[in-house]
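All remarks here apply to the structure that follows.
The values are calculated or read from the model by the stated rules, or taken from the named source; none is laboratory data. Computed from a predicted structure; not experimentally measured. In this analysis, Cβ positions are derived from the backbone assuming ideal geometry, glycine residues included, and neighbour counts consider all displayed protein chains.
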Amino acid sequence: MTNVWMALTISLLFGIGIYLILRRDIIKIAIGFGLISHSINLTIVTSGILNGTLVPILMSTINKYAYFVFSDDYENGILAPIVLGYSEDYLFTDPLTQALVLTAIVISFATTAIFLTLAYRISEEYGTTDVDELRRLRG
């Protein structure tokens, strides 16, 4: 059921982003690109959700309900318990997708900042942020 809600949320964000990109105001276009990048980030994180025993960061199981994460001493087989008591009903997320999305968020923030700075300069220079009006001013 969680996947259905995530799919609806991603679809809604993407649809609103497309709607805003098709508007004539530069600020709305910038917000639309931000929403689309957030929906793509949610898609990537959602693709990294794994069920139960398929978790990539867990190395060993004691029984089907308790896990140990990473080993402190490989030679003696001593495992350091980080998470105990999880059952197969819990969802885990692949850490690689989270790292990729974190990088994408930083890049998206930088491009949005540049885009909004350009929109501010256009507004100061021409007195409008309407794309059609700017096209008429250009000649």
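Quick notes
- The set of residues in the stretch 98-114 being within 10 Å of residue 37 (Cβ to Cβ) and of a type in the set (S, T, N, Q) consists of 108, 111, 112.
- Some residue of the stretch 34-41 being within 29 Å of residue 118 (Cα to Cα), modelled with pLDDT of 80 or more, surrounded by 15 or more Cβ atoms within 10 Å (Cβ to Cβ) and among the hydroxyl-bearing types (Ser, Thr, Tyr): yes
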